[in-house]
Amino acid sequence: MTGIKMVDLHKQYLRIKPEIDQAIERVLTSTAFIHGPEVNEFASSLSKFLNVDHVIPCANGTDALQIAMMALDLQPGDEVVLPVHTYVATAEVIALLKLTPVFIDVDEDTFNIDINQIENKITRRTKAIVPVHLYGQCADMEPIMEIADKYGLFVIEDTAQALGAKYTFSDGTVENAGTIGTIGTTSFFPSKNLGCYGDGGAIMTNDPTLAEKIRMIANHGQRVKYHHDIIGVNSRLDTLQAVILNVKLKYLDEYEKKRNEVALYYDQHLPKSFLSLPYRAINTTHVFHQYTVKVVNRDRNEFQKYLTSKNIPSMIYYPVPLHLQKAYRREGFDEGSFPVTEKLSRTVISLPVHTEMEKEELDYICETISSF
Ligand SMILES: *Cc1c(COP(=O)(O)O)cnc(C)c1O
């Protein structure tokens with residue numbers, strides 16, 4: 001079998017083509033390519049969807065993190081705690097703003113920040129925790145918020161991989177990923193669960209003062225045009241992306257359902273003899289941005305070669321832990337500093353999961369893997 005894709009954005013587009021084409025056509029006719037009224041329309045739709053007071057669209061998920069940190073007035077040398085098993089963007093903006101990234105190892109089952117290792121890394125300079133909801137499942141937000149309260153820290157949730165995931169607190173309250181901490185950030189990179197047809201991102205908060213500041217920072221630090229009160233950046237979601245997202249947001253629940261069906265199928269049909277399948281934490285839903293398994297007792301790289309030879313695409317998120325990357329390596333960061341993350345970098349592999357997967361494809365993948 002050929003033609004299996006990690007994500008199939010073309011097939012997904014074909015299903016909603018008339019709506020998307022009309023929306024794009026409207027923008028082409030209006031020519032309001034930047035700051036068109038549809039950008040605010042999308043922000044309101046997303047704020048309703050997430051049940052959060054303020055959504056500020058921006059150019060991408062990396063900018064969203066940067067703007068969030070700028071809005072919190074973090075100063076050079078301030079320490080920001082984050083999981084070491086994450087996409088580089090999370091650490092990159094911290095370093096870019098001359099803050100100090102403080103890496104924490106992750107939980108071997110959930111792949112998310114190990115909440116038991118946070119407290120002993122907190123110092124007088126620690127200002128914020130950045131949990132990442134990796135692969136589509138919420139980090140354990142209740143203890144994270146308790147630690148943040150105890151030490152007076154901000155929490156910035158990197159929700160780029162988990163838009164729509166829901167976290168349940170011990171009192172039964174359910175909240176959306178990205179709306180629990182001080183600020184949430186997300187990305188609309190095409191392959192994300194809610195993806196546009198280019199770059200896009202957004203910042204979420206329930207704090208009206210922060211929302212206002214975030215809006216200014218994303219727009220050159222101005223409230224009134226040509227009056228720059230603070231130093232900002234230029235980070236906009238363009239109108240074409242906003243209309244595309246406005247159409248796709250209506251389907252996000254359906255997309256998530258489809259991803260969960262694929263995951264369930266894998267759960268039931270993949271061999272457990274040499275694969276450790278995704279763990280589902282009880283207090284969070286999973287939106288399966290990735291279906292990531294661990295290869296146990298077998299060589300992960302051999303397994304990937306085998307998949308490639310059978311035309312099954314796969315990805316390794318992430319092959320080199322951040323503390324061993326040239327740009328982030330510091331004194332004391334050696335092989336062995338973050339054993340779980342290092343082990344994951346050798347054992348994880350993500351299989352195709354998207355909204356257009358066919359049963360024949362899943363059957364082929366599961367049967368092929370079973371005969372490895
Ligand atoms: C994709 C991603 C980002 C960055 O988003 P961009 O829109 O590509 O800048 C940040 N953090 C995580 C965890 C991501 O997966």
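The values are calculated or read from the model by the stated rules, or taken from the named source; none is laboratory data. Just so we're clear, the structure is a prediction, and the values are computed from it rather than from any experiment. Cβ coordinates were reconstructed from backbone atoms using ideal geometry, including for glycine residues, and neighbour counts include every protein chain displayed. For accessibility, only protein heavy atoms count, side chains too; no ligands or nucleic acids. Shrake-Rupley method; radii C 1.70, N 1.55, O 1.52, S 1.80 Å.
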Which percent of the Cα-Cα distances in region 252-370 go past 23 Å? 37 percent
For region 326-331, in residue order, the Karplus 3J(HN,Hα) values (coefficients 6.51, -1.76, 1.60; θ = phi - 60°; whole Hz; Gly and Pro = x) are 3, 5, 10, 5, 10, 4
Within region 95-247, pairs of Lys residues whose Cα atoms are less than 20 angstrom apart, provided they are eight or more positions apart or on distinct chains, add up to 7
Where the centre of each part is set by its Cα atoms, how far does region 165-187 sit from region 305-338, in angstrom? 29 Å
Within the chain, the percent of DSSP beta bridges that are antiparallel, given to the nearest 5, stands at 65 percent
Residue-wise HN-Hα coupling along region 193-203, computed from phi with Karplus coefficients 6.51, -1.76, 1.60 (Hz; x: Gly, Pro): 4, 10, x, 9, 10, x, 9, x, x, 7, 10
Rounded to whole Hz, the Karplus (6.51, -1.76, 1.60) HN-Hα couplings of region 336-347, x for glycine and proline: x, 5, 10, x, 5, 4, 5, 5, 4, 4, 9, 10
Apply the a/c threshold of 1.5 to the C-alpha gyration tensor of region 215-311 and tell me whether it is rounded, prolate or oblate. prolate
Taking 4 °C and 1.567 mPa s as the conditions, I'd like the Stokes-Einstein D for region 1-123 in µm²/s, using the Kirkwood hydrodynamic radius from alpha carbon pairs. 70 µm²/s
Using a Gaussian network model of the chain with C-alpha springs under 10 Å, which one of GLU254, GLU342, GLU175 is most mobile by mean-square fluctuation? GLU254
For GLN161, net neighbour charge (Lys/Arg +1, Asp/Glu -1) across residues whose Cβ lies under 12 Å away: 0
Which residue, ASN297, ASN234, ASN246, has the most motion in a Gaussian network model of the chain that connects Cα atoms within less than 10 Å? ASN297
Choice from LEU72, LEU264, LEU249 with maximal GNM fluctuation in the chain (Cα, 10 Å cutoff): LEU264
With the other protein chains left in place, how much accessible area per residue, in square angstrom, belongs to the chain at a 1.4 angstrom probe? 44 Å²
Which semi-axes, in whole Å and largest first, does the equivalent ellipsoid of region 73-159 have when worked out from the alpha carbon gyration tensor as the square roots of 5 times its eigenvalues? 19, 15, 11
In cubic angstrom per residue, the convex hull of region 38-84 built on its Cα atoms measures 111 Å³
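Count neighbours as other Cβ atoms within 10 Å of each site's Cβ, and list the trypsin sites (Lys or Arg not before Pro) in region 83-145 that are DSSP loop with at most 13 such neighbours.
When the trypsin sites (Lys or Arg not before Pro) of region 83-145 are filtered for loop state and at most 13 Cβ neighbours within 10 Å, LYS98, ARG124, ARG125 remain.
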Stokes-Einstein diffusion coefficient for the chain at 25 °C in a medium of 0.890 mPa s, Rh from the Kirkwood formula over Cα pairs: what value in µm²/s? 115 µm²/s
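Quick check of the Kirkwood formula: for region 190-257, what is the inverse mean of 1/r over all pairs of different Cα atoms, in Å?
13.7 Å
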